[in-house]
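Trainee: This is the structure I want to talk about, given as structure tokens.
The values are calculated or read from the model by the stated rules, or taken from the named source; none is laboratory data. For clarity, every value in this text was computed on a predicted model and none was experimentally measured. Every residue, glycine among them, receives a Cβ derived from its backbone with ideal geometry; neighbour counts consider all protein chains shown.
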Amino acid sequence: MSAIELGQARLTFLPQVGGAVASFTVGGRDVLRAAASDTVDALAAASFPLVPFCNRIPHGRFVFDGREVVLPPNLPGHPHALHGQGWRAAWAVERAEDGEALLSYEHPSDVWPWAYRAEQRFVLKERGFRAELTVINTGEAAMPAGLGFHPYFPRRPGETLTAANDGVWLIDTDVLPTVHHPGPWEADWTAGALVEGHGLIDHCYTGWDQRAVLRAPGQPDTVITASPECRWLHVYVPPGADFLCVEPCASRPNPFGDGDTGMVVLQPGERRSIWMEIATA
């Protein structure tokens, strides 16, 4: 496990587990949900990268530039390809010192038939950190790409989430988007809503303004900000769990579906980057 520190802030990594963050603490307090020392699945980590697409591709099937691609399922018991390849691969630590870290992953063409390099750059601050996620097309053909972050936060008593948005994608039983619902649904995050007291929330919110705040009585706020490309905010609140996810994303679920999904096309040698900052008051 690698780590970087700056003042009271400490960020640890599980590079072999999907390039995941293992923990982020300020003054010994967990700002992100801490992973167990023996964690072997990014889903049990503090945060992990979404590259080169976010969320689910229905049955892993899509067509790009006249080419049909079929990706195998990568979540046990689930029929759809999820979150790309980065979270299921081992990453290399190229640097981890002086409050900064660089992790990298080289993907050869395989069932995802495009080679790419992914990088995560972390910079610690006194009470937060900045993560930059980059994908570079290292192949010889144009490649589709989408990026996102998947941080987990401890769920605190009385916690609220405030995040401006203009609507939400409703989902089916496979958590695939169905129709876009304008305005508030289930929980009005724009007004600042309690995290508790809802059914399953595993939804993608549109029109996000790249700022979200988690607030709990008597405790420091947690503020999540992101780059302008992150126009979607995925919120995951499983009933009865001790965590929630607030995920800045530059593409939406079903990334090869109709309409504006946020996916871009990278020519050979081109790159795309997004960033996220997490800070505590």
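Trainee: Would you be able to tell me the number of residues in the stretch 206-224 that are under 16 Å from P151 (Cα atoms) and of a type outside the set (D, E, K, R)?
Mentor: The number of residues fulfilling the criteria is 7.
Trainee: Can I ask one more? How many residues are part of a strand (DSSP E or B) and surrounded by 17 or more Cβ atoms within 10 Å (Cβ to Cβ) if we restrict to the stretch 158-178?
Mentor: Of the residues in the stretch 158-178, 8 are part of a strand (DSSP E or B) and surrounded by 17 or more Cβ atoms within 10 Å (Cβ to Cβ).
Trainee: Within the stretch 85-116, can you find the residues that are touching a residue at least 60 places away in the same chain (Cβ under 8 Å) and either assigned to a strand (DSSP E or B) or polar (S, T, N, Q) (or both)?
Mentor: Within the stretch 85-116, A92, V93, A96, E97, E100, A101, L103, Y105, Y116 qualify.
Trainee: A further question on this structure: Tell me which residues, restricted to the stretch 125-157, are of a type in the set (A, V, I, L, M, F, W, C) and either free of Cβ contacts under 8 Å to residues at least 60 places away in the same chain or part of a loop (DSSP other than H, G, I, E, B) (or both).
Mentor: A141, A142, L147
Trainee: Could you list, in sequence order, the residues of the stretch 228-242 that are surrounded by fewer than 17 Cβ atoms within 10 Å (Cβ to Cβ) and not charged (D, E, K, R)?
Mentor: Within the stretch 228-242, P228, P238, P239, G240, A241 meet the criteria.
Trainee: State whether the residues of the stretch 183-203 include one that is under 23 Å from H80 (Cβ atoms) and without any contact (Cβ under 8 Å) to a residue 24 or more places away in the chain.
Mentor: So far as the stretch 183-203 goes, yes, one or more of its residues are under 23 Å from H80 (Cβ atoms) and without any contact (Cβ under 8 Å) to a residue 24 or more places away in the chain.
Trainee: Of all residues being in contact with a Phe, Trp or Tyr (Cβ under 8 Å, 6 or more places away or on another chain) and surrounded by fewer than 18 Cβ atoms within 10 Å (Cβ to Cβ) in the stretch 90-101, which is farthest from E5 (Cα to Cα)? Just the residue, please.
Mentor: A90
Trainee: Yes or no: S273 modelled with pLDDT of 95 or more, in a loop (DSSP other than H, G, I, E, B) and small (G, A, S)?
Mentor: No; evaluated as a whole, the condition is false for this residue.
Each row is one residue, and each column tells you yes or no for (1) of a type in the set (V, I, T); (2) closer than 27 Å to A3 by Cβ.
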position	(1), (2)
R33	no, yes
V40	yes, yes
A44	no, yes
S47	no, yes
V51	yes, yes
G66	no, no
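Trainee: Does any residue of the stretch 193-208 turn out to be of a type in the set (V, I, T), at pLDDT 95 or above, farther than 21 Å from D260 by Cβ and in a strand (DSSP E or B)?
Mentor: Checking the stretch 193-208: at least one residue is of a type in the set (V, I, T), at pLDDT 95 or above, farther than 21 Å from D260 by Cβ and in a strand (DSSP E or B).
Trainee: Hey, can you tell me all the residues within the stretch 257-277 that are touching a Lys or Arg at 6+ places or on another chain (Cβ under 7 Å) and closer than 22 Å to V69 by Cα?
Mentor: Those that are touching a Lys or Arg at 6+ places or on another chain (Cβ under 7 Å) and closer than 22 Å to V69 by Cα: T261, G262, V264, L266.
Trainee: Going through G60, G77 one at a time, which residue ends up being without any contact (Cβ under 8 Å) to a residue 24 or more places away in the chain and surrounded by fewer than 18 Cβ atoms within 10 Å (Cβ to Cβ)?
Mentor: Checking each option against the conditions leaves just G77.
Trainee: May I ask you to list the residues in the stretch 14-32 that are under 17 Å from V223 (Cβ atoms) and part of a loop (DSSP other than H, G, I, E, B)?
Mentor: Answer for the stretch 14-32, where residues must be under 17 Å from V223 (Cβ atoms) and part of a loop (DSSP other than H, G, I, E, B): G27, V31, L32.
Trainee: Same structure, new question: Would it be correct to say that F243 is closer than 30 Å to G66 by Cα and touching a residue at least 12 places away in the same chain (Cβ under 8 Å)?
Mentor: no
Trainee: Then there is this: Do you know which residues across the stretch 99-128 are closer than 17 Å to G148 by Cβ and out of contact with any His (no Cβ under 9 Å at 6 or more places or on another chain)?
Mentor: L103, Y105, H107, W112, E119, Q120, R121, F122
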